[in-house]
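The values are calculated or read from the model by the stated rules, or taken from the named source; none is laboratory data. Please read all numbers here as calculations on a predicted model, not as lab measurements. Because the Cβ atoms are built from the backbone with ideal geometry, glycine has one as well, and the counts that use them run over all protein chains shown.
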Ligand SMILES: Cc1ncc(COP(=O)(O)O)c(C=O)c1O
């Protein structure tokens with residue numbers, strides 16, 4: 001190993017740059033955690049419905065507390081709620097039931113290719129039809145909203161859009177593009193996954209979440225795992241119409257989100273310095289990864305608005321090859337399995353770490369490519 005790739009101070013292995021976890025939590029969350037410093041600190045249950053936390057989220061996102069459904073992460077929400085919404089929508093109409101029984105497309109999922117694959121994969125395991133919209137590097141991975149519109153003209157369905165998108169790292173849909181669709185297709189459901197949205201300043205991109213108060217066919221999911229750097233705490237939420245939130249709460253027990261989670265998240269939401277700090281740090285660190293990878297022969301790295309970089313090989317090597325070589329060096333990255341006839345062999349994704357980790361990643365990747 002050459003001197004350059006010796007493990008620097010501040011980096012420990014294994015280093016997981018494969019799951020998109022954020023880096024820094026709000027200072028106020030850390031302070032809140034440190035106040036739980038006695039053996040009796042967590043002896044009591046928090047309030048049964050997490051009213052304080054739901055209230056804090058509602059006022060941050062411009063909705064009512066009754067629009068907020070909380071869970072231990074937004075992943076569990078996707079897994080529970082997507083099938084629930086699709087099934088109950090199909091059941092509500094004899095025409096949909098017939099289509100579902102005949103061709104499994106009573107209420108198809110419409111989603112871009114190259115998105116957070118858990119949703120289309122789970123749907124297809126459950127025997128639901130998934131319709132993929134194109135997303136290509138030649139168009140900067142832009143979503144063609146006219147194509148989505150044309151698709152919805154043909155048939156209503158469940159639209160799942162992660163914006164900013166995982167893994168491409170760009171905003172896929174704006175309020176201006178979405179609102180006409182919400183109005184034109186009231187029997188379609190639109191799920192916008194805003195898991196990474198806080199990496200983008202609201203001054204540059206108006207968040208979709210406040211529209212939930214106006215459109216019952218709109219659902220928005222969010223999480224504290226990424227820009228709030230609290231993946232280990234497990235808190236995520238869905239914003240949806242009050243009836244749906246009531247139904248979902250009815251399916252689960254109360255006291256789901258604990259007192260420590262609640263205190264840290266509320267403190268984090270009130271910490272005005274946190275998101276500007278995260279955006280500035282990420283912009284700087286993105287440049288390290290983007291410039292570092294772009295300088296490597298046979299690698300094309302794409303601009304990103306969030307805490308990960310999407311890239312591909314242009315010389316025939318595969319993401320799986322790189323993943324295996326990096327794993328031998330103790331670094332995990334993400335590559336992509338084929339799905340529904342689509343292959344993503346040349347692609348890979350790297351999550352931003354802290355400064356020393358990013359520099360180390362670039363040094364190791366350069367070394368791996370040099371050794372072939
Ligand atoms: C787009 C998207 N949504 C939701 C999740 C789930 O995150 P969590 O369960 O930590 O809230 C992820 C995780 O990678 C994601 O990328």
>> Within segment 251-262, does at least one residue satisfy the condition of being modelled with pLDDT of 95 or more, at negative phi and either part of a strand (DSSP E or B) or within 15 Å of the ligand (Cβ to nearest atom) (or both)?
In response: yes
> For segment 164-189, which residues satisfy the criterion of being in contact with a helix residue (DSSP H, G or I) (Cβ under 7 Å, 6 or more places away or on another chain) and within 15 Å of the ligand (Cβ to nearest atom)?
Replying inline: 164, 173
> Applying the selection to segment 209-236, what residues are assigned to a loop (DSSP other than H, G, I, E, B) and either within 10 Å of the ligand (Cβ to nearest atom) or closer than 26 Å to residue 117 by Cβ (or both)?
Replying inline: 217, 224, 225, 226, 227, 228, 229, 230, 234, 235
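Conditions tested, residue by residue: (1) in the same structural domain as residue 228 (by TED's automatic domain parsing); (2) over 14 Å from residue 264 (Cβ atoms); (3) in contact with a helix residue (DSSP H, G or I) (Cβ under 9 Å, 6 or more places away or on another chain); (4) modelled with pLDDT under 95.
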{"site": "28", "(1), (2), (3), (4)": "no, no, yes, no"}
{"site": "33", "(1), (2), (3), (4)": "no, no, yes, no"}
{"site": "42", "(1), (2), (3), (4)": "yes, no, yes, no"}
{"site": "47", "(1), (2), (3), (4)": "yes, yes, yes, yes"}
{"site": "53", "(1), (2), (3), (4)": "yes, no, yes, no"}
{"site": "58", "(1), (2), (3), (4)": "yes, yes, yes, no"}
{"site": "63", "(1), (2), (3), (4)": "yes, yes, yes, no"}
{"site": "80", "(1), (2), (3), (4)": "yes, yes, yes, yes"}
> Can you tell me which of 206, 202 is assigned to a loop (DSSP other than H, G, I, E, B) and out of contact with any helix residue (DSSP H, G or I) (no Cβ under 7 Å at 6 or more places or on another chain)?
Replying inline: 202
>> Could you check segment 2-42 and list, in sequence order, the residues that are under 19 Å from residue 354 (Cβ atoms), over 30 Å from the mean Cα position of the chain (by Cα) and not in a loop (DSSP other than H, G, I, E, B)?
In response: 4, 5
> Can you tell me which residues in segment 128-170 are closer than 17 Å to residue 220 by Cβ and surrounded by fewer than 20 Cβ atoms within 10 Å (Cβ to Cβ)?
Replying inline: none
> Which residue, of 117, 124, 88, 93, is within 16 Å of the ligand (Cβ to nearest atom) and either loosely packed, with under 15 Cβ neighbours inside 10 Å or more than 14 Å from residue 191 (Cβ to Cβ) (or both)?
Replying inline: 117
> Do the conditions hold for residue 353, that is, is it part of a loop (DSSP other than H, G, I, E, B), free of Cβ contacts under 8 Å to residues at least 60 places away in the same chain and in the same structural domain as residue 9 (by TED's automatic domain parsing)?
Replying inline: no
> Taking segment 58-85 on its own, how many of its residues are assigned to a helix (DSSP H, G or I), farther than 16 Å from residue 212 by Cβ and within 16 Å of the ligand (Cβ to nearest atom)?
Replying inline: 7
